[in-house]
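Scroll down for the structure; my scribbles are underneath it.
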Amino acid sequence: MRIRIWHDTTYQYSWPVTGVIQTLRLTPRNTDGQYIMNWRIDISADCPLTCHVDAFGNLTHTLTADGPLDRLAVHVEGEAEIENTNGVVTGTFEPFPPTLFLRETPLTMPSEEISAFAREATAKVSREPLPILHALLDTLSETIVYDTDPTHVHTTAAESFALKRGVCQDVSHIFITCARSLGIPARYVSGYMHRSYGLNEQPAGH
């Protein structure tokens, strides 16, 4: 399947700023099931884009725009040829070993409650990683209520799990914490979600 993507981000400043420095992570890489046919980033300001690869293998672009600026628009447009791989991504550029993603981070520190939940949710499934992860996702979707009010970007997995409420990023952090507590490397990634408008409406696109 071939998909076309338009992505616009507009920054409107309360007062003109003297300059802007940004690092953009808006360029996907090729994988075994994804081929980027063309991709372009346009900036409303007159400034160069410097491309480099960060420590995790992401294609990033850095811009430095001189002011005064009261507005900055970033437009991304491209096409990708994709295949259905049932959610399994292979052929990615991975500079680090998977075991790196077993380490604990401030947002994914496991609580006793989360560790117990992970064991219970996967107790009756095969000991293979994929069935375990599917069981975690299915159980989490029934356990955490989508609610934009009680959490924020600094809410930890343990805090949102105790509330049994949160948004997409909270469920992601809980899932990562559960997987790592079971010895399965996991990390937070971002991308574009394809959905059929009118058929699969969702309050967020993470």
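The values are calculated or read from the model by the stated rules, or taken from the named source; none is laboratory data. Because the structure is predicted, anything quoted here is derived from the model rather than measured. With ideal geometry, Cβ positions are generated from the backbone for all residues, glycine too; neighbour counts draw on all protein chains shown. To get the accessible areas, we keep the full protein, side chains included, count just its heavy atoms, and leave off ligands, DNA and RNA. Shrake-Rupley method; radii C 1.70, N 1.55, O 1.52, S 1.80 Å.
Among 63, 26, 6, which residue has its Cα positioned farthest towards the positive end of the charge dipole of the chain, with +1 placed on the Cβ of Lys and Arg, -1 on the Cβ of Asp and Glu, and the dipole taken about the Cα centre? Positive-most Cα among the choices belongs to 26. Heavy-atom accessible area, probed at 1.4 angstrom with all protein chains present, ranks 178, 51, 168 as 51, 168, 178, highest first. Normalising the average separation of contacting C-alpha pairs (under 8 angstrom, six or more residues apart) by the number of residues puts the relative contact order of the chain at 20 percent. Sequence-ordered 3J(HN,Hα) estimates for the stretch 14-25 from the Karplus curve with 6.51, -1.76 and 1.60 and θ = phi - 60° stand at 5, 8, x, 9, 7, x, 9, 10, 9, 10, 9, 10 Hz, glycine and proline given as x.
Please give the residues of the stretch 72-107, grouped as numeric ranges, whose backbone N is less than 13 Å from a label point set 7 Å along the Cα-to-Cβ vector of residue 49. So the set is 73-79. Dipole magnitude for the chain: about 340 debye, using +1 per Lys or Arg Cβ and -1 per Asp or Glu Cβ, origin at the Cα centre. Charge tally for residue 19 (other residues, Cβ to Cβ under 13 Å; Lys, Arg +1; Asp, Glu -1): -3.
Rounded to the nearest 10 degrees, the inclination of helix 168-181 to the longest alpha-carbon principal axis of the chain is 50 degrees.
Taking trypsin sites (Lys or Arg not before Pro) in DSSP loop states with no more than 12 other Cβ atoms inside 10 Å as exposed sites, the chain has its longest site-free stretch at 1-102. Accessible surface for residue 181 stands near 50 Å², nearest 10, in the context of the full protein assembly shown (1.4 Å probe).
Once the 1.4 Å probe is applied to the protein heavy atoms, the chain comes out at 64 Å² accessible per residue.
Near residue 74, once Lys and Arg are set to +1 and Asp and Glu to -1 for all other residues with Cβ below 9 Å from its Cβ, the sum equals -2. Using the charge dipole of the chain (Lys, Arg: +1 at Cβ; Asp, Glu: -1 at Cβ; taken about the Cα centre), state which of 193, 173, 154 has its Cα farthest towards the positive end. Positive-end residue among those listed: 173. Residue by residue, the stretch 63-71 carries 3J(HN,Hα) couplings of 10, 10, 10, 7, x, x, 10, 9, 7 Hz when phi is fed to the Karplus relation 6.51 cos²θ - 1.76 cosθ + 1.60 (θ = phi - 60°); x denotes Gly or Pro. On the chain, 54 percent of the accessible area sits on carbon and sulfur atoms, based on a 1.4 Å probe. By how many degrees, 0 to 90 and rounded to 10, does the Cα axis of helix 112-121 deviate from the longest principal axis of the chain? Helix 112-121 and the main axis of the chain meet at about 70 degrees. Around residue 163, what is the net charge, scoring Lys/Arg as +1 and Asp/Glu as -1 over all other residues with Cβ under 11 Å from its Cβ? Net local charge, residue 163 excluded: -2. For the chain, the longest principal axis of the C-alpha atoms and the axis of helix 129-143 are separated by about 90°. What the Cα atoms of the stretch 1-91 give is an Rg and a Dmax of 15.7, 48 Å.
For residue 33, the residues 5 or more places off, or on other chains, whose built amide H falls under 5 Å of its own are 90. Each of (1) 19.6, 61; (2) 17.8, 58; (3) 18.4, 62 is a candidate for Rg and Dmax of the Cα atoms in Å; the one calculated from this structure is (1).
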